[in-house]
Amino acid sequence: MNKSSLKSTGADLEALRHSTSHVMAQAVMKLFPETKLAIGPAIEDGFYYDFEIGRSLTPEDLIKIEKEMAREIVADHKFESYELSKQEAIEYFKKHNQPYKVELIESLSEDKVSLYKHGGFVDLCKGPHVKSAGEIKAFKLLKIAGAYWRGDEKNKMLQRIYGTAFHSSKELDEYLENLEEARKRDHRKIGKDLDLFSIQDSIGPGLVLWHPKGALIRKEIEDFWKNEHLKAGYELVNTPHMALLDLWQTSGHLGFYRDNMFAPMEIDEFKYEIKPMNCPFHIAIYKNTMHSYRDFPIRWAELGTVYRYERRGVLHGLIRVRGFTQDDAHIFCLDSQLESEIMNIIDFVMHILSTFGFKNYDVCLSTRPEKYVGSAENWDKATGALKKALEKKKIPYEVDAGEGVFYGPKIDIKIKDVMKRAHQCSTIQVDFNLPERFDVKYIGEDGKEHRPIMIHRALMGSLERFFGVLIEHYGGAFPLWLAPVQVEIITVSDKHNEYALKIKDVFCRNGLRANFNIRNEKMGAKIREAQMQKTPYMVIVGDSEVEKNLISFRARSGEKQNDIGLDDFIGKLKEEIKNKK
RNA sequence: GCCGGCGUAGCUCAAUUGGCAGAGCAGCUGACUUGUAAUCAGCAGGUUAUCAGUUCAAGUCUGAUCGCCGGCUCCA
């Protein structure tokens with residue numbers, strides 16, 4: 001649940017949705033009187049309610065529940081709040097056979113509990129609610145899902161109904177249209193339509209095949225990434241995909257990360273492990289030589305491919321996979337450099353992400369969890385540095401208290417795509433664990449050994465996830481610099497094929513990706529095809545162009561221009577590529 | 001992993017109560033020679049995810065397995 005976005009949609013909308021969830025629960029109770037109620041809050045763009053019902057709900061049930069809700073809304077019962085003592089409330093819910101409510105009340109610290117009543121329906125609830133059910137003007141039940149009681153997988157699984165509600169049906173319709181738009185932009189669909197990537201049964205779940213067009217986009221991203229890193233004072237490293245199991249013993253991953261690691265394989269009586277992280281390798285490079293305090297900061301970056309075991313049910317297109325390439329970097333620095341390094345990284349993240357058209361972010365600072373390594377003093381120092389860096393950069397952020405990784409505090413940056421959905425990609429983490437475990441050190445000014453600070457960071461997170469987000473962000477219509485085919489050459493008839501091949505060659509020599517499909521098809525069909533493939537430019541040549549040695553073009557956007565010089569057109573494209581627009 | 005749903009040609013989808021697996025697009029071949037979002041015709045394409053079972057007969061019913069989808073938990 002995202003509190004900030006609840007705020008942005010308004011407290012009254014939250015009350016409306018919360019009230020709608022009560023009305024839904026009431027309808028469910030009426031249709032299934034044996035139902036045991038769990039919880040039913042408002043969430044970012046709607047609400048849900050968890051139930052234990054004797055049987056599995058079906059989509060038809062949702063329709064019945066909606067009808068029952070509509071009747072209740074017409075009845076327009078008031079929402080009335082009142083208080084009971086804890087004991088009275090427990091007795092009430094015991095009497096009505098509502099064990100989850102009893103458990104909730106028992107866990108409350110207050111002496112009195114607040115309840116809301118409307119119609120005959122009573123629920124444990126802090127409120128607030130709308131005045132009466134009639135205020136619910138537009139709602140829809142969206143999906144049925146399983147959800148663990150109290151979010152713990154050891155507990156019983158309940159049935160959750162998701163729904164949403166708005167103040168007007170116009171807003172509801174807009175929301176539903178938005179959902180439809182999101183479905184159209186689904187990277188799995190676009191990935192198939194544009195032949196960018198696939199994930200196949202014969203290869204294995206969560207393992208991505210990058211097809212030529214996807215791989216081309218990846219190459220452009222990688223080239224950009226590498227060049228920007230070199231400019232920003234990073235050095236590039238490369239490390240293997242596996243290492244002796246001992247390495248993971250030393251790093252501690254076998255202890256705390258085993259569930260996410262694939263089983264080791266045995267080679268020549270030694271056990272090897274496919275890597276779930278890149279950090280130990282970078283540390284190994286560091287440790288291969290002596291380091292002076294003068295060397296810092298050391299910034300090593302790698303597009304490092306890692307493999308992690310993810311439970312089957314969590315895999316999702318490119319967003320959640322089992323093999324992925326992190327745009328990883330590790331920075332070794334002095335305490336005194338931590339803050340400025342963090343600020344550098346923040347600037348760098350913004351620079352890289354904004355190039356892809358991501359201008360809005362949700363930033364979170366995660367602080368020390370209950371279980372942690374390192375001294376509390378170091379944690380405070382590092383957390384303070386992260387905080388100060390964010391404040392100096394005037395970046396608004398939320399604090400996720402206790403949500404840091406056990407080895408250090410972190411800043412997570414979630415990018416917001418054009419559909420305003422947030423995606424976890426970038427992360428900046430201070431690590432107190434690995435330097436200790438690997439005994440990483442440098443020789444200080446005083447001639448003695450000291451422990452450097454280590455920062456992990458990823459800007460795009462993983463190329464797979466980032467690509468998935470990018471596909472949805474652009475809806476498949478990649479900007480020219482990323483488009484796998486930048487120019488589709490289309491001839492009016494096959495008389496013009498020779499000229500088409502000639503200009504294709506000119507495009508290629510100029511480093512532009514031009515395609516000419518010689519297939520004998522009417523130009524209307526070829527334009528349609530290029531348009532559906534979201535090719536940025538179509539160059540059209542017929543008698544007129546061949547005669548005058550010119551070209552005509554049509555942009556994906558609909559922009560058209562006839563009879564321009566090939567050099568002028570190429571200049572235009574090069575300018576557009578340079579600006580990465 | 002858990003709850004629920006789904007799995008038919010490369011893609012999108014059909015196939016009465018169990019009764020001969022089909023269409024469009026894409027592909028191939030040929031004809032047409034085209035001016036800004038689909039030219040026409042022919043051909044080919046399948047162990048209906050896999051494996052068992054029920055039945056005279058299974059895409060359809062049952063069970064298991066695999067995978068996918070929506071969530072939960074977990075996370076780049």
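The values are calculated or read from the model by the stated rules, or taken from the named source; none is laboratory data. Given the structure is predicted, the values throughout are model-derived calculations rather than measurements. Please note: Cβ atoms are built from the backbone with ideal geometry, for glycine as well, and neighbour counts cover all protein chains shown. Surface accessibility is based on the protein's heavy atoms, side chains included, excluding ligands, DNA and RNA. Shrake-Rupley method; radii C 1.70, N 1.55, O 1.52, S 1.80 Å.
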| note | The pairs in A:Lys226/A:Lys359; A:Lys117/A:Lys420; A:Lys154/A:Lys184; A:Lys95/A:Lys126; A:Lys226/A:Lys275 lying past 30 Å Cα-Cα in this model are A:Lys117/A:Lys420; A:Lys154/A:Lys184
| query | Given N residues in the stretch A:86-231, what is Rg(Cα) / (2.2 N^0.38 Å)? | reply | 1.70
| remark: Over all viewing directions the Cα convex hull of the stretch A:3-182 casts an average projected area in nm² of 10.5
| How big is D, in µm² s⁻¹, for the stretch A:487-578 by Stokes-Einstein at 37 °C and 0.692 mPa s if Rh is the Kirkwood radius over C-alpha pairs? | 253
| Solvent-accessible area per residue for the stretch A:253-316 (1.4 angstrom probe, square angstrom) | 56
| request: Starting from the Cα of A:Lys495, draw a straight line to each of the aspartates and glutamates and keep only those under 17 Å, dropping any in the same chain fewer than 8 residues away. | output: A:Glu521, A:Asp543, A:Glu545, A:Glu547
| task | Quick one: compute the contact order of chain A, relative version, from alpha carbon pairs under 8 angstrom and 6+ residues apart, as a percent. | result | 10
| In the stretch A:398-446, the trypsin sites (Lys or Arg not before Pro) that fall in loop regions by DSSP, at most 16 other Cβ within 10 Å | A:Lys420, A:Arg421, A:Lys441
| field | Set of lysines near A:Lys441 by C-alpha distance (under 16 Å), chain-local residues within fewer than 8 positions excluded | value | A:Lys287
| For chain A, convex hull volume per residue from C-alpha positions, Å³ | 210
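Using 19 Å as the Cα-Cα cut-off, could you pick out the over-long pairs in A:Lys143/A:Lys192; A:Lys94/A:Lys143; A:Lys36/A:Lys101? Display every interim value, and only then the final one.
Working: A:Lys143/A:Lys192 26 Å; A:Lys94/A:Lys143 30 Å; A:Lys36/A:Lys101 9 Å.
Listed pairs above 19 Å: A:Lys143/A:Lys192; A:Lys94/A:Lys143.
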| message | Given an 8 Å cut-off on Cα distances and at least 6 residues of separation, report the relative contact order of the stretch A:487-578 as a percent. | response | 29
| query | Under a 1.4 angstrom probe, counting protein chains only, how are A:Ser292, A:Ser109, A:Ser552 ranked by accessible area, largest first? | reply | A:Ser109, A:Ser292, A:Ser552
| Which whole-number percentage describes the relative contact order of the stretch A:3-182, with Cα contacts under 8 Å and a sequence gap of 6 or more? | 26
| note | trypsin sites (Lys or Arg not before Pro) in the stretch A:247-337 lying in a DSSP loop, each with at most 13 other Cβ atoms within 10 Å of its Cβ, come to A:Arg311
| query | Under a straight-distance cross-link criterion of Cα-Cα below 29 Å, which lysines are reachable from A:Lys502, leaving out those fewer than 8 residues away in the same chain? | reply | A:Lys213, A:Lys219, A:Lys522, A:Lys526, A:Lys534, A:Lys548, A:Lys560, A:Lys572, A:Lys574, A:Lys578, A:Lys580, A:Lys581
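Share of the stretch A:134-245's accessible area from carbon and sulfur, percent, 1.4 Å?
Working: 3230 of 6350 Å².
Carbon and sulfur: 51 percent of the exposed surface of the stretch A:134-245.
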| message | Using only DSSP helix segments of four residues or longer, with each worth -39500 (n - 2.57), what per-residue ellipticity at 222 nm results for chain A after dividing by its residue count and rounding to 500? | response | -11500 deg cm²/dmol
